[in-house]
Each structure stands twice: as structure tokens, then as C-alpha cells.
Amino acid sequence: MRKEFIKRVVEPSFAWWSAVGLATTITGMWAFWGSFEAFHEGWYFKTLAENLVCTAQYLGLMMILLALSVLALCWRKVGAALYEAFGIAFWVWIAMTRKVLTVGVVLGMMPMTLPPLVVGILFWIGRPKQLGRASKISIILPLGVAAAFSVEPVIRISGRVDDGRDGIRVLTGNGVKLAWAPQGPGWPNPDPHDRVWKGGWLGPSWEEARQTCRFLAADGKTVAETAQNIWRLPTAEEAARSMARHGKNCGGLWDPASGRASYTTKPDKESPLWNPYSPIIYWWTSSERDGGHAYYIDFNGNVYPRNKDSTMSSQAFRAVRDLKPE
């Protein structure tokens with residue numbers, strides 16, 4: 001039985017269509033990832049040209065794999081060899097981004113690095129058949145995935161609201177009354193053109209964010225030498241209940257049992273809480289899941305636990321303070 005299976009796998013026609021199918025699947029997955037992240041992490045520039053360049057970068061892996069598939073369809077062994085080279089280079093690149101290489105890390109890399117190597121082998125031993133159909137499958141399907149998953153975010157982003165006000169914002173509604181810090185140390189929003197941010201600026205860890213809030217002066221624009229204890233991080237519930245879209249509260253609710261937030265309207269990266277032209281898309285909250293993890297929220301209102309020591313270029317916070325009783 002095993003011999004029959006192996007014989008079937010290495011049969012040239014089967015290997016060819018397996019290569020086409022696997023290559024299309026891999027390219028389609030990166031098409032989905034690229035289109036999603038391009039509009040989630042990206043699109044923070046003010047010009048269309050810069051945003052399109054940023055989107056092209058996110059779709060880079062899809063385009064590389066698409067090109068490899070075209071080469072393999074036209075020149076089978078050349079494309080197969082390039083698929084092998086890409087798989088090895090991709091593995092090396094991912095390994096270089098890891099601080100420590102352990103067996104667990106290496107195994108975790110396999111789902112991303114092994115498939116291109118398998119595709120290369122299959123193309124090498126395969127026998128080309130129905131090139132026209134294979135070309136349509138390999139090219140049209142991934143491009144269709146990228147286009148399909150770009151429709152909703154393009155419509156949503158084109159309707160974003162930015163009132164240009166980056167000072168203290170007092171927001172009330174949905175059971176929450178808070179003042180939100182102005183842009184500055186209590187609401188970091190690095191300029192995407194800034195060399196410091198491009199050079200590897202990292203947002204604060206959870207404890208660093210908490211300490212900045214404690215020392216933040218009443219105007220929210222300066223950090224005092226001694227603790228002022230005026231500002232603080234919002235709780236996960238306060239953040240979820242304050243999310244807005246088009247200037248209206250999104251009706252957010254927080255379920256502490258599941259650690260999830262729900263909304264009547266999906267929030268977005270816009271005024272009055274978010275800066276649509278900032279690369280920051282995640283905020284720390286003061287709510288903890290356990291000793292090592294605290295909850296963070298993104299501009300779409302999703303709340304997840306994250307290691308308190310986590311630092312990322314897209315992660316910061318916005319401090320809040322309680323309103324004085326009238």
C-alpha cells in the first residue's frame with residue numbers, strides 16, 4: 001500500500017498538478033495575509049502614492065511566489081530550482097529575526113519554509129500538462145484573493161474621519177466618562193517619516209506605559225520628575241466602551257470572563273480616539289489577565305492578552321484621567 005502511494009506521488013502528472021495546487025495555495029495564503037495587513041498595519045500615510053508603495057511591500061511575498069510559479073510554468077526546472085532557493089533563503093531570513101534558535105522555534109518555522117521546498121521538488125519531477133489551465137489557476141486565484149479581501153478595508157478607510165484635534169479629548173457615553181491625553185508622552189504617535197521610528201523605534205512595555213502615566217503632568221504634555229498620579233491607563237472595559245466610528249460610540253461591551261469585547265458597530269482608526277496617520281494600532285490597557293500578561297486593544301476594538309514585556313513599533317498607549325465630579 002505504501003509503495004503504491006509513493007509511486008502515485010512521484011508519477012509525473014500527479015506531481016505536476018500537486019505542484020500547481022500547492023503553489024497556488026501558498027501564494028493565495030500570502031495574498032490574504034498581505035492584503036489584510038496592508039490595511040491593518042499600513043495605510044497611515046497622508047498621500048495615496050505612499051500608501052500604495054506600502055501596500056506593495058506587504059504584497060511582496062505574494063508577488064515573488066507568483067513570479068516563481070510563472071517561471072516554473074514556462075521553464076519548469078528553472079522555476080523548481082528558484083523555488084528551492086527561495087525556501088532556503090526564506091528560512092535563513094526568518095532564523096535571523098529570532099533571538100534564540102531552539103528546536104521549538106525551528107519546528108514553528110516549518111509551516112512557512114517547508115512548502116516552497118516541496119513545491120520545487122514537485123515541479124522538478126512533474127510533467128507539464130494543460131499549461132493554459134495551470135496558468136489560470138496559479139495566477140488568477142491568488143490575485144482574486146488579494147482583490148476580494150481588499151474591498152471592505154478600502155471602503156472603510158476611504159470613509160475615515162479625522163477632525164485634526166490632537167489635544168485632550170473629553171468623551172462621555174456608554175457608561176464611561178474620561179479625559180484622554182493629548183498627543184505627546186501620554187499618547188505617542190511617531191511620524192512614519194521620522195528616522196528614529198524607521199531606525200527601529202519600539203513602543204513601551206506595559207510597565208513603562210504605566211509609569212509614564214503616573215509621572216504625566218496635568219496638561220498631559222510633559223513628564224514630571226515626581227509621580228503625579230493624575231493619569232493612568234484605561235481598563236479594557238473603558239477602552240472597549242469608548243471606541244467610536246464616524247464620531248459616534250460603537251456600543252462596545254467587555255466580557256471579563258471570556259476576555260473579549262463586542263460592538264454594535266465595528267470601530268476604526270479615526271477621531272476622536274485614534275490618529276489615522278500614525279503607525280500605532282495597538283494600545284495597552286491596565287487590565288491584566290495574569291501576572292505576566294495584560295490586555296491590549298487595537299483600533300478595530302479587538303482585545304487580546306499580550307506579554308507585559310512586549311515592545312513593538314506599532315504598539316503604544318493613550319493615557320486617561322477621571323473627570324472631576326460636577
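Determine, yes or no, whether G291 is closer than 17 Å to G175 by Cα, modelled with pLDDT under 95 and assigned by TED's automatic domain parsing to the domain that holds P185.
Numbers: closer than 17 Å to G175 by Cα: no; modelled with pLDDT under 95: yes; assigned by TED's automatic domain parsing to the domain that holds P185: yes.
Considered against the rule, which asks whether it is closer than 17 Å to G175 by Cα, modelled with pLDDT under 95 and assigned by TED's automatic domain parsing to the domain that holds P185, G291 comes out as no.
If R318 satisfies every condition in (1) part of a loop (DSSP other than H, G, I, E, B); (2) basic (K, R); (3) over 14 Å from A236 (Cβ atoms) but one, which is the exception?
Single failed check for R318: (3).
Does T27 meet the test of being within 21 Å of the chain's Cα centre (by Cα), among the β-branched types (V, I, T) and surrounded by 19 or more Cβ atoms within 10 Å (Cβ to Cβ)? If you could, list the steps in order and put the result at the bottom.
Numbers: within 21 Å of the chain's Cα centre (by Cα): yes; among the β-branched types (V, I, T): yes; surrounded by 19 or more Cβ atoms within 10 Å (Cβ to Cβ): yes.
Yes: the conditions hold for T27.
Which of the numbered conditions does M63 fail, given that it passes all the others? Conditions: (1) buried (at least 19 other Cβ atoms within 10 Å of the Cβ); (2) part of a helix (DSSP H, G or I).
M63 satisfies every listed condition except (1).
Here are R210, R214, R241: which of them is farther than 14 Å from F317 by Cα and basic (K, R)? Steps first, please.
Working: R210 fails: farther than 14 Å from F317 by Cα; R214 fails: farther than 14 Å from F317 by Cα.
Going through R210, R214, R241 in turn, the sole match is R241.
Going by the structure shown, is V161 surrounded by fewer than 17 Cβ atoms within 10 Å (Cβ to Cβ) and in contact (Cβ under 8 Å) with a residue 24 or more places away in the chain? I'd like the intermediate steps shown before the answer.
Working: surrounded by fewer than 17 Cβ atoms within 10 Å (Cβ to Cβ): yes; in contact (Cβ under 8 Å) with a residue 24 or more places away in the chain: yes.
Judged against the criteria, V161 is a match.
Quick one: in segment 263-304, of everything that is part of a loop (DSSP other than H, G, I, E, B) and of a type in the set (F, W, Y), which residue is nearest to P190 (Cα to Cα)?
The qualifying residue nearest to P190 (Cα to Cα) is Y277.
Looking at N307, N249, N302, which is the one that is surrounded by fewer than 17 Cβ atoms within 10 Å (Cβ to Cβ), over 23 Å from Q211 (Cβ atoms) and among the polar types (S, T, N, Q)? So that I can check it myself, show each step before the final result.
Numbers: N307 fails: over 23 Å from Q211 (Cβ atoms); N249 fails: surrounded by fewer than 17 Cβ atoms within 10 Å (Cβ to Cβ).
It is N302.
Of a type in the set (A, V, I, L, M, F, W, C), closer than 30 Å to D309 by Cβ and touching a strand residue (DSSP E or B) at 6+ places or on another chain (Cβ under 7 Å): which single residue out of W206, W187, W201, W197 fits that description? So that I can check it myself, show each step before the final result.
On the way: W187 fails: touching a strand residue (DSSP E or B) at 6+ places or on another chain (Cβ under 7 Å); W201 fails: touching a strand residue (DSSP E or B) at 6+ places or on another chain (Cβ under 7 Å); W197 fails: touching a strand residue (DSSP E or B) at 6+ places or on another chain (Cβ under 7 Å).
W206 is the lone residue from the list that is of a type in the set (A, V, I, L, M, F, W, C), closer than 30 Å to D309 by Cβ and touching a strand residue (DSSP E or B) at 6+ places or on another chain (Cβ under 7 Å).
Kindly provide the set of residues from segment 192-214 that are under 23 Å from the mean Cα position of the chain (by Cα) and of a type in the set (A, V, I, L, M, F, W, C), ordered by number.
Selection gives V196, W197, W201, L202, W206, A209.
Could you look through segment 107-141, keep only residues that are part of a loop (DSSP other than H, G, I, E, B) and loosely packed, with under 15 Cβ neighbours inside 10 Å, and pick out the one that is modelled with the highest pLDDT?
Among residues in segment 107-141 that are part of a loop (DSSP other than H, G, I, E, B) and loosely packed, with under 15 Cβ neighbours inside 10 Å, the one modelled with the highest pLDDT is R127.
Among G173, G144, which is the only one that is closer than 30 Å to D268 by Cβ, in contact (Cβ under 8 Å) with a residue 24 or more places away in the chain and surrounded by fewer than 13 Cβ atoms within 10 Å (Cβ to Cβ)? Reasoning before the result, please.
Numbers: G144 fails: in contact (Cβ under 8 Å) with a residue 24 or more places away in the chain.
From the options G173, G144, the qualifying one is G173.
If a residue must be touching a Gly at 6+ places or on another chain (Cβ under 9 Å), among the aliphatic types (A, V, I, L, M) and over 26 Å from Y263 (Cα atoms), how many such residues does segment 218-247 contain?
2
Mind checking which pairs have a first residue in segment 201-214 that is buried (at least 17 other Cβ atoms within 10 Å of the Cβ) and a second that is modelled with pLDDT of 95 or more and in a helix (DSSP H, G or I), Cβ under 7 Å, 6 or more apart or different chains?
Cβ pairs passing all conditions: P204/T212.
Across segment 252-302, what is the total count of residues that are β-branched (V, I, T) and within 21 Å of E152 (Cβ to Cβ)? Step through it out loud before you land on a result.
Taking segment 252-302 and keeping what is β-branched (V, I, T), we get 264-265, 280-281, 285, 297.
Those left that are additionally within 21 Å of E152 (Cβ to Cβ): 264-265, 281, 297.
Matching residues across segment 252-302 total 4.
From the list Q228, Q211, exactly one residue is touching a Phe, Trp or Tyr at 6+ places or on another chain (Cβ under 7 Å) and of a type in the set (S, T, N, Q). Which is it? Give the steps one after another, and end with the answer.
Working: Q211 fails: touching a Phe, Trp or Tyr at 6+ places or on another chain (Cβ under 7 Å).
Only one candidate qualifies: Q228.
So if I check each of S287, S258, which one is out of contact with any Cys (no Cβ under 8 Å at 6 or more places or on another chain), farther than 20 Å from R245 by Cα and without any contact (Cβ under 8 Å) to a residue 40 or more places away in the chain? Break it down stepwise before answering.
Details: S287 fails: without any contact (Cβ under 8 Å) to a residue 40 or more places away in the chain.
One residue alone meets the criteria, S258.
Inspect segment 173-196 for any residue being more than 27 Å from S287 (Cβ to Cβ), in the same structural domain as W274 (by TED's automatic domain parsing) and not in a loop (DSSP other than H, G, I, E, B) and give the result as yes or no. Spell out how you get there, then give the answer.
Filtering segment 173-196 for residues more than 27 Å from S287 (Cβ to Cβ) gives 191-196.
Narrowing further to those that are in the same structural domain as W274 (by TED's automatic domain parsing): 191-196.
Checking the rest, the ones that are also not in a loop (DSSP other than H, G, I, E, B) come to 195-196.
Looking through segment 173-196, at least one residue is more than 27 Å from S287 (Cβ to Cβ), in the same structural domain as W274 (by TED's automatic domain parsing) and not in a loop (DSSP other than H, G, I, E, B).
Determine whether segment 199-222 contains at least one residue that is modelled with pLDDT under 95, in contact with a Leu (Cβ under 8 Å, 6 or more places away or on another chain), β-branched (V, I, T) and in the same structural domain as S310 (by TED's automatic domain parsing).
yes
On the given criteria, is W43 aromatic (F, W, Y), in contact (Cβ under 8 Å) with a residue 24 or more places away in the chain and assigned to a helix (DSSP H, G or I)?
Values: aromatic (F, W, Y): yes; in contact (Cβ under 8 Å) with a residue 24 or more places away in the chain: yes; assigned to a helix (DSSP H, G or I): no.
Taking the combined requirement at face value, the residue does not satisfy it.
The values are calculated or read from the model by the stated rules, or taken from the named source; none is laboratory data. None of these values were measured; they are calculated from a predicted model. Heads up, the Cβs are rebuilt from the backbone with ideal geometry, glycines too, and the neighbour counts pull from every protein chain shown.
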